[in-house]
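Just so it is clear, none of the values below were taken in a lab; they were calculated from the coordinates. Quantities reported herein were computed from a predicted structural model and do not represent experimental measurements. Reconstructed Cβ throughout: ideal geometry from the backbone, glycine too, with neighbour counts over all protein chains shown.
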Amino acid sequence: MKKDYWILLLFIIAKFILQYSLISPEYELHRDEYLHLDQANHLAWGYLSVPPVNSWLAWMIKILGNSIFWVKFFPALFGALTIVLTWKVVEELNGSLFAKVLASLGILFSVLLRVNMLFQPTSLEIFLWLFLYYSLIKYFNSQQVRWIYIGAIIFGIGVLNKYNIAFSLLGLIPALLLTEQRKIFMQSHVYWAALLALIIIFPNLLWQYQNQFPVIHHMKELSENQLVHVDRMDFMKSQILFFIGVIFVMITGWGALLLYKPFEKFRFFFWSYIITITLFLFFKAKDYYAIGLYPVYIAFGSVFLGHLLEKGWKRFLKPVCILVPVLLFLPLYNVAFPNKSPQYIESHQDQYKKFGLLRWEDGKDHALPQDFADMQGWKELAQKVDKEYSRLSKSGNTMVLCDNYGQAGAINYYSKAGVVAMSFNADYINWIDLSKKYKNVIRIKEASEAGKELSESGSFFEAAKLKDSVANPYARERGTAIFRLQGARIDVIKRIREEIIEVKNEWK
């Protein structure tokens, strides 16, 4: 093993240690993680919210025992691989050991520590964005066409992981056309590689077609309920904060792509950034959609700084460059991760407000950051549902019907009573079990809708009663109500089929 690689190994070890120590035991899994984990029980070539790759990882986690360790392992692994690939990009650009260390520190002490906390497609997406860029660098350095095909495979897998990676291509194609590297489009291999990517993506496209393209419904819902609250200035502020410790490295990288002769053949990367970030701003994308853009620019900047500071008095600036990512990250360490108790955060609001961390998707400030509030109250909900389910199931088949995917996924993950919760929300609309005749229903209602349940559903059952609710004051699900609807006077399955048809008609 090269001596340099021993240092890289230390970065990998540090990455795993940090990821497993950043979440206080007071926090549970995140709302979205429960949905992704439940996809392991419903393997398909597509889902309403995401493509299939994450479900395959969820299946592996299930085989490994479904423990918290394995849930957190895969995002940490993809974060570590992003550091490794950044190192390899620097190596390909003939960067020094200083450049490799600086780039790796920039990736380690960054927003990726937060992204890699959660089992979601984003961690793999960032790695695949960088891998796509790396394949282009390798191709233009070596002119070996195999890198075009490798890039196509990576892009195909990326689409099967998260559709957001399409923005990387939307940025790259016009950027290549703007520079002398447009000659790549004279290569017949580019079009064969495009066909290869299409073949990889095709099963998901077929699934979308067979299911009336639910991704369109999902994007419309996202735009109406979440993206409408996105502020473009806040988006740009986040871009600075994501890699705050090496923002000077990224700026140097952009400048080097324009002015540094050895990087001339990679100038299209500068225009690719400008085009891609403009597209994100135009569509009012969430700020984290753009994270995958930055590792390659950190690599370019690190290589250029390594050459710039190689000789004379400038070499004494190297330790300063190395320290900056660490020192600038320390203030964020105290606020950006769920390593402080909810009580601490509530009593130190100003620390979190100045970074905009208390602003939720509804555009308002709350007691905890939204992601932290989404990691509270789930075990409590599952335990209370289990208690009610154990009583009701003795008198006949009992359905647990939830308002949202977080409730259903959390109950299914934590339940000790064999509950299989269902919902009309997100992918659960396709997973509802219609094979049984249900006599009882445990209805889980969001706090804002709970007041209507007894008047709307009570008459369809012999007995209807509010039994409990989520009491955790810090949970986003605080006030979520648990109703017992006993002795159905109607055909529950018939009503559910009607509801499913109504929901799917809304998609169209």
Could you check the spin-label model distance between Gln143 and Asp365? Points 7 Å from the Cα along Cα→Cβ, value in nm. 6.0
Using R₀ = 22 Å, calculate the FRET efficiency as 1/(1 + (r/R₀)^6) where r is the Cβ-Cβ separation of Met236 and Leu258; round to 0.05. 0.60
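If you put +1 on each Lys and Arg Cβ and -1 on each Asp and Glu Cβ, how big is the dipole of the stretch 378-507 around its Cα centre, in Debye rounded to 20? Mind dumping the intermediate values first?
Working: 22 positive and 18 negative charges, 119 e Å.
Roughly 580 debye for the stretch 378-507.
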Compute the angle between helix 146-161 and the longest alpha-carbon principal axis of the chain, please, reported from 0 to 90 degrees and rounded to the nearest 10. 20
Evaluate the charge dipole of the chain about its Cα centre and quote only its size in Debye, nearest 20, assuming +1 on the Cβ of each Lys and Arg and -1 on the Cβ of each Asp and Glu. 940
By counting other Cβ atoms within 10 Å of each Cβ, how are Cys321, Cys402 ranked from fewest to most? Cys321, Cys402
Quick check: pseudo-label points 7 Å beyond the Cα along Cα→Cβ at Trp59 and Lys265, how many nm apart are they? 4.1
Sort Ser55, Ser448 so that the residue with the fewest other Cβ atoms within 10 Å of its own Cβ comes first and the one with the most comes last. Ser448, Ser55
For the pair Gln208 and Leu177, what calculated FRET efficiency results from E = 1/(1 + (r/R0)^6), where r is the Cβ-Cβ distance and R0 = 25 Å, to the nearest 0.05? 0.30
With every atom except the alpha carbons ignored, what do you get for Rg and Dmax of the stretch 3-333, in angstroms? 19.9, 65
Amide H contacts under 5 Å for Ser469, restricted to residues at least 5 apart in sequence or on another chain and with H modeled in the peptide plane, are Ile482
With label points set 7 Å from each Cα along the Cα-to-Cβ direction at Glu346 and His189, the distance between them in nm comes to 6.1
Using DSSP to define loop residues, name the trypsin sites (Lys or Arg not before Pro) in the stretch 345-386 whose beta-carbon has at most 15 other beta-carbon atoms within 10 Å. Lys354, Lys364
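Count charges around Leu81 for me, please; just the other residues with Cβ under 11 Å from its Cβ, Lys/Arg as +1, Asp/Glu as -1.
+2
Based on DSSP loop calls and a cut-off of at most 12 other Cβ atoms within 10 Å, the longest stretch of the chain free of exposed GluC sites (Glu not before Pro) is what?
Longest site-free region, per DSSP loop and neighbour criteria: 1-309.
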Rounded to the nearest 0.05, FRET efficiency between Tyr5 and Ala463 (Cβ-Cβ, R0 56 Å) equals 0.25
Ranked from fewest to most other Cβ atoms within 10 Å of their own Cβ, Asp433, Asp32, Asp468, Asp427 fall in the order Asp433, Asp468, Asp32, Asp427
